[in-house]
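Below: one structure, written as structure tokens.
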Amino acid sequence: MSNGKETMVIAIDGPSASGKSTVSKQVARELGFVYVDSGGLYRGMTWKAVRENVPTTDEEAVVDLMRHMKWTFFVEDNVLGFTIDDVNPGQEIRSEPVRENVSDIAAMIPVRQFIVERLRETTRFGRIVMEGRDIGSVVFPESHFKYYLDADPEERARRRHEELVKMEGKSDVNEVMNSLARRDKKDTTRKAAPLQIALGARVINSTSMTIEEVVAMIVDQVRSGME
């Protein structure tokens, strides 16, 4: 399936709560690209494991589950979506059980290989803005538009805390900071595609920047590079 536009990927990486999801969505909207949340696929895998009572630290069991799953991808309102075994997990992939277990599943090499293949196939939908942790370093290392978003730990915890309060009505900011620290450690020390700044990526520290400022910076650079 193609929308007739040539393949082009804007890769936006960064740690949790660095603002990359919000920024990526708005960049895609302004440029008319398709937004792809790579982490959504890992969360989808985790959601399925939790749903089927498969231990998320048991690689053999997770991989066996993965091999029997049917994924279907689609684009709606310029956002990539998916179903697993004909079920759309929706916001359940943002639930606490998924958040706390996704790092274990994302560290499994067979899972990462499977997800990377699925992510590369999304270019059939046209030009994309893809966010994640290894997009510029592993999934699309040849992209001419690679960014690494970051922010101070306290600011990232504040943002995630606000997000969780809106979603769930309650949240403890100290626990959020501890959770982000655990996630960062897992992401940066895993053997398979650890979180890192991709070669040639532009680093943007958004601690004291608004979302609009970050989006404008990326959109301006992309448009200039496309001329």
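Numbers below:
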{"read-out": "Boolean, K25 is within 25 Å of A216 (Cβ to Cβ), in contact (Cβ under 8 Å) with a residue 12 or more places away in the chain and not β-branched (V, I, T)", "value": "yes"}
{"read-out": "Search result, residues across region 87-103 that are closer than 23 Å to K186 by Cα, in a helix (DSSP H, G or I) and of a type in the set (S, T, N, Q)", "value": "N101, S103"}
{"read-out": "Number of the exception - T83 against (1) surrounded by 16 or more Cβ atoms within 10 Å (Cβ to Cβ); (2) among the hydroxyl-bearing types (S, T, Y); (3) within 13 Å of K48 (Cα to Cα)", "value": "(1)"}
{"read-out": "Conditions (1) farther than 30 Å from W71 by Cα; (2) touching a residue at least 24 places away in the same chain (Cβ under 8 Å); (3) touching a strand residue (DSSP E or B) at 6+ places or on another chain (Cβ under 9 Å): number failed by L149", "value": "(1)"}
{"read-out": "Residue match in region 132-144 (condition: at pLDDT below 80 and surrounded by 20 or more Cβ atoms within 10 Å (Cβ to Cβ))", "value": "no"}
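The values are calculated or read from the model by the stated rules, or taken from the named source; none is laboratory data. This one's a predicted model, so the numbers in the text were calculated from it and none came from an experiment. Positions of Cβ are generated from backbone atoms using ideal geometry, with glycine treated the same way; all protein chains shown enter the neighbour counts.
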